[in-house]
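Below: one structure, written as structure tokens.
The values are calculated or read from the model by the stated rules, or taken from the named source; none is laboratory data. Here the structure is a predicted model, which is why all the values come from computation and not from measurement. Don't worry about glycine lacking a Cβ; one is built from the backbone with ideal geometry, like all the others, and counts go over all protein chains shown. Note: accessible area is taken over every heavy atom of the protein model, side chains too, but ligands, DNA and RNA are not part of it. Shrake-Rupley method; radii C 1.70, N 1.55, O 1.52, S 1.80 Å.
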Amino acid sequence: GSASLVVEGVVEGRLALENDVAVGVDGLVTGEISARSVRIGGQVKGNIEGREMVEILAKGSVAGDVKAPRVVIADGAFFNGKVEMAGDDVVSPSLKKQYE
């Protein structure tokens, strides 16, 4: 989609957005997230790919890998996975092509 999204409930499946995704404190996403920037205040079980930034807030929980040029993991956040940080080349070619 081309809009931003705030998840305050349960989502199962892949989220691919041009803009931003925020997972609220009561939100749960089971699946991959691809967006410009991603903020996690709730739970994500799946890989996250941010074209600009991924931020896991203090009450956030991520079980999956994170790819983004900038990654912020707040004190108190739960994270189980690997982080890959780089420039523009961090985003998969198929995702780049989708938004060009």
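Can you sort Met53, Met85 by solvent-accessible area, 1.4 Å probe, largest first?
So the residues, ranked largest to smallest area, are Met85, Met53.
Kindly report the accessible area of the chain per residue (heavy atoms of protein chains, probe 1.4 Å, no ligands, DNA or RNA), in Å².
Values: 5410 Å² over 100 residues.
Per-residue value: 54 Å².
Could you look at the chain and say what percent of its accessible area is carbon and sulfur, using a 1.4 Å probe and all protein chains?
Working: 2610 of 5410 Å².
For the chain, the apolar C and S fraction of the accessible surface comes to 48 percent.
Return a whole-number percent for the relative contact order of the range 1-89, with Cα pairs under 8 Å and 6 or more residues apart as the contact set.
Details: 279 pairs, mean separation 16.8, N = 89.
Relative contact order, the range 1-89: 19 percent.
What spacing in nm lies between the two simple spin-label points modelled at Leu5 and Arg36, each 7 Å away from Cα in the Cβ direction?
The two pseudo-label positions are separated by 1.6 nm.
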